[in-house]
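Here is the structure we will look at, set down as C-alpha cells.
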Amino acid sequence: MIRGCLGCLLFMACSLGSAATAGPDCSRPFTLALHEHGLLYSADTDTGIDKDFADELIRRSGCKVNVSLMSRARIWQLIESGALDFSLSGIANTERNHFASFAWYFSNKYYLLVRKDSGMHRLPDVERDDRFQLGVIRSFRYSESANRLVDQLSAANRVSQANGLAPLYQALLRGSIQGMIIEPFDYPALDERKIRSVTSVIEFNDPAIPHGLIMSKRALPAAEQEKWRALVDGMRADGTVLRIFEKYFNSSFAGPMVDFQAQP
C-alpha cells in the first residue's frame, strides 16, 4: 500500500515536471514577421540579429513557423487582430499591452540624430524651433522623452513619417527633415561619410528600453505564451542571445544590451 502510494506520488511528480518543461504546442503552423531595420534585419542580405534570433527560437521550439517581411505598422495591426502570431524586437506600451505580450531579450537607448546646420544642440532647442522637422518610422514608439518629443512635434505638424530608415536618411540628407530618432542598430549608417559629415547626436538620457518577442494574445493562449517566453529566457540564460549580438557588436557594447533586468 505504501509502495503504491509512493509510486503514485513519483508518477505525479514526474508528470508535473514534464508539464512544466514541455515545449510549445506545435499542432499548427505559426507565423512570424520580421521588419527591416539596420542590424536587426536586412532584406538585401537576409541577415541580422532578429533573423538569427528567429532561426534559433524556431529550432528550439520544434514548431513549423512561416517567416515573412512586413512593415512595422502592418505587424502591429496583424498582432492585434490575431492574424499574426509573432514578431521581434518590440517594445511595450499601455495600448499594446492590451493585445500583445512580450518575452524580453535585449535593451537599448534612443538618440536624436540632427543635421549640424539645424543649430540644435539640446532637446529644448528642438522643441522651441518651429523650423525643425522630425522624421520617424510609422508605428514606431521609443523611450519616454523621445515619445514626448514625437507627440509634441506631431501636434504641431512637425513630424514626417516613413516606412523605414532608408527614406528617412534620404530626407535628412536632402534637408527635408532636420532630425530622426536612432538606436544602436542604425550605427552602421552613421559610418557613411555623407551622413556622418552633416549630422550630430543628441542623447535623450532615458533608461534603456526592453525589446522582445511580440506574442499576439488573440492568437496564443496565456499558457502557450509562457512556453515561448521560457524558450527566450533559456536563450538568454545559456548565452545564445549574447553570442548573436556579438556577431554584430563588440563584446563591450553587446554585453550591456543583453545583460539587463527583464520586467515582468
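The values are calculated or read from the model by the stated rules, or taken from the named source; none is laboratory data. The structure displayed is predicted, hence computed values, not measured ones. FYI the Cβ positions are ideal-geometry reconstructions off the backbone, even for glycines, and counts take in every protein chain you see. Please note that ligands, DNA and RNA were not included when accessible areas were found on the heavy atoms of the full protein model with its side chains. Shrake-Rupley method; radii C 1.70, N 1.55, O 1.52, S 1.80 Å.
Points worth noting:
- The calculated pair-distance distribution of the range 217-264 uses every alpha carbon pair, bins of 5 angstrom beginning at 0, and gives 5, 20, 22, 19, 14, 11, 7, 2 percent.
- Fraction of the pair-distance distribution of the range 140-264 above 21 Å, Cα-Cα pairs, percent: 56
- Loop-located trypsin sites (Lys or Arg not before Pro) in the range 78-162, at most 14 other Cβ atoms within 10 Å (DSSP): Arg122, Arg131, Arg138
- Charge dipole (Cα centre; +1 on Lys/Arg Cβ, -1 on Asp/Glu Cβ; no other charges) of the range 148-219 amounts to roughly 260 debye.
- Descending semi-axes in whole angstrom, ellipsoid equivalent of the chain, from the Cα gyration tensor: 41, 18, 17
- Sequence-distant lysines (8 or more away, or on other chains) whose Cα lies within less than 28 Å of Lys194: Lys109, Lys116, Lys247
- Farthest toward the positive end of the dipole of the chain, out of Leu123, Pro29, Leu113, is the Cα of Pro29, where the dipole comes from beta carbon charges about the Cα centre.
- Fraction of accessible area attributable to carbon and sulfur, the chain (%, probe 1.4 Å): 53
- Counting only DSSP H runs of at least 4 residues, each contributing -39500 (n - 2.57), and dividing by the residue count of the chain, the helix-based mean residue ellipticity at 222 nm comes to -12000 deg cm²/dmol.
- Two-decimal log10 I(q)/I(0) for the range 99-194, as the Debye equation yields it once each C-alpha is a single scatterer, q = 0.21 Å⁻¹: -1.14
- Among Ser81, Ser101, Ser197, residue whose mean-square fluctuation peaks in a GNM of the chain (springs only between Cα atoms under 10 Å): Ser197
- Measuring nothing but alpha carbons in the range 23-172 and taking Rh as the Kirkwood radius, the Rg to Rh ratio lands at 1.02.
- Stretch in the chain that is longest and holds no GluC sites (Glu not before Pro) that DSSP places in a loop and that have at most 12 other beta carbons within 10 Å: 96-191
- Electrostatic tally near Asp85: other residues with Cβ closer than 14 Å to its Cβ, Lys and Arg +1, Asp and Glu -1, net +3.
- The lysines whose alpha-carbon is closer than 25 Å to the alpha-carbon of Lys64, local same-chain residues fewer than 8 away aside, are Lys51, Lys217, Lys227.
- Placing +1 on the Cβ of every Lys and Arg and -1 on the Cβ of every Asp and Glu, with nothing else charged, gives the chain a dipole about its Cα centre of roughly 280 debye.
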